[in-house]
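See below for the structure under consideration.
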Amino acid sequence: MAKRKLEIVEVSPRDGLQNEAEMVDTATKLELVTRITAAGFKRLEAGSFVNPKKVPQMADTPEVFEGLRGRSDATFIALALNPKGVERAIAAGAKEVNYVFCASDGFSIRNNGAPVAETLKVWPDVVARAKAADVRISATISTAFGCPFDGEVPVANVVRAAEEIGRAPPFELALADTIGVAAPSDVTERFGAVGAVAPPGVQLRAHFHNTRNTALANAVAAVDAGVTILDGSLAGIGGCPFAPGAAGNVPSEDLVYMFERMGYDTGIDLDAAIETARFIGKALGKATPGMVSKAGKFPK
Ligand code: ZN
């Protein structure tokens, strides 16, 4: 029987680095991207077009995209929180934009500058603009499992956001556990509920943080719920700004190790992924949370 395919989208150059206090220069980011594509990742978040005062680590995203112009070895995704960010991404030559909404007003007001309902109003125009520019657009619902300001986020909030987004369907819809609070039962419930209202043809993606050590378990629950695309960050960088000192995104190499052992085909070279995770640790000059990059793969 052919192995089941599982796609891992690498987010270390964006979500991984954005909360790092130590500034990483553009050349190092571009080398990281090259190592990521060499390891077999076909899609990666290369940067974000957000306020550089709020996220100084992403201030050089235009230069990063300039350095990637013309490369076709992978799809380089730009993150945006508003129409202005989408315009900047298009101008920089991005071919795919990940547009982020929130499931809770507390986070939406601070991250996107307005309550959820307000931010959703521009969505049909954003989709039309991306289509006109021949740019693929995905949507992410952040704080889909819990909010650092509002606490519990009702499933109905997530479903409502998914329905609104579905009126102008993106090619992909992600649920993000922004602060790493989800348990597998939440994942089963929320992906089930969103899958039931997502328009046909919209693929689902899952984005987990390992803040409370539940990310690998959540990844298995997501795949069991029918998700075939998972975000990961090599070395597990991507610490949560609301939990200083906590672990970051689910480590990509740990995902690759586990799912390949489970019989999935991720298309990733685990040796190269481990090497890249170690490269990140060296670039940041610190120990990183990923486990497989320390332990190594299954012994021969
Ligand atoms: Zn994240």
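The values are calculated or read from the model by the stated rules, or taken from the named source; none is laboratory data. This is a predicted model, so every value here is computed, not measured. Glycine gets a Cβ as well: all are built from the backbone with ideal geometry, and neighbour counts include every protein chain shown.
Could you list, ordered by first residue, the pairs with Cβ atoms under 6 Å in which the first is in segment 1-26 and within 13 Å of the ligand (Cβ to nearest atom) and modelled with pLDDT under 95 and the second is aliphatic (A, V, I, L, M) and not in a helix (DSSP H, G or I), at least 6 apart or interchain?
Every condition considered, the pairs that remain are 18/55.
Condition first: within 14 Å of residue 87 (Cα to Cα), in contact (Cβ under 8 Å) with a residue 12 or more places away in the chain and not aliphatic (A, V, I, L, M). Now tell me which residues in segment 118-133 satisfy that.
Correct list: 123, 125, 129.
Out of everything in segment 27-56 that is among the basic types (Lys, Arg) and modelled with pLDDT under 95, what residue ends up being surrounded by the fewest Cβ atoms within 10 Å (Cβ to Cβ)?
Per the criteria, the residue is 53.
Given 156, 144, 183, which one is over 14 Å from residue 221 (Cα atoms), aliphatic (A, V, I, L, M) and more than 14 Å from the ligand (Cβ to nearest atom)?
Going through 156, 144, 183 in turn, the sole match is 156.
Considering each residue of segment 216-245, count those that are within 12 Å of the ligand (Cβ to nearest atom), surrounded by 18 or more Cβ atoms within 10 Å (Cβ to Cβ) and either more than 21 Å from residue 36 (Cα to Cα) or among the aromatic types (Phe, Trp, Tyr) (or both), and give that number.
The number of residues fulfilling the criteria is 1.
Hey, can you tell me all the residues within segment 246-286 that are within 13 Å of the ligand (Cβ to nearest atom) and hydrophobic (A, V, I, L, M, F, W, C)?
Passing the criteria: 246, 247, 250.
Working only within segment 142-188, note down all residues that are acidic (Asp, Glu), within 25 Å of residue 247 (Cα to Cα) and buried (at least 17 other Cβ atoms within 10 Å of the Cβ).
150, 177, 186
In this structure, does residue 285 turn out to be surrounded by fewer than 24 Cβ atoms within 10 Å (Cβ to Cβ) and either within 29 Å of residue 25 (Cα to Cα) or touching a residue at least 60 places away in the same chain (Cβ under 8 Å) (or both)?
Against the criterion (surrounded by fewer than 24 Cβ atoms within 10 Å (Cβ to Cβ) and either within 29 Å of residue 25 (Cα to Cα) or touching a residue at least 60 places away in the same chain (Cβ under 8 Å) (or both)), residue 285 qualifies.
Which residues, taken from segment 186-212, are within 16 Å of the ligand (Cβ to nearest atom), more than 14 Å from the chain's Cα centre (by Cα) and hydrophobic (A, V, I, L, M, F, W, C)?
Scanning segment 186-212 gives a single hit, 187.
Could you list all residues from segment 221-235 that are assigned to a loop (DSSP other than H, G, I, E, B) and of a type in the set (Val, Ile, Thr)?
Within segment 221-235, 227, 228 meet the criteria.
Could you tell me whether any residue of segment 27-48 is more than 23 Å from residue 172 (Cβ to Cβ) and not in a helix (DSSP H, G or I)?
No, there is no match, as no residue in segment 27-48 is more than 23 Å from residue 172 (Cβ to Cβ) and not in a helix (DSSP H, G or I).
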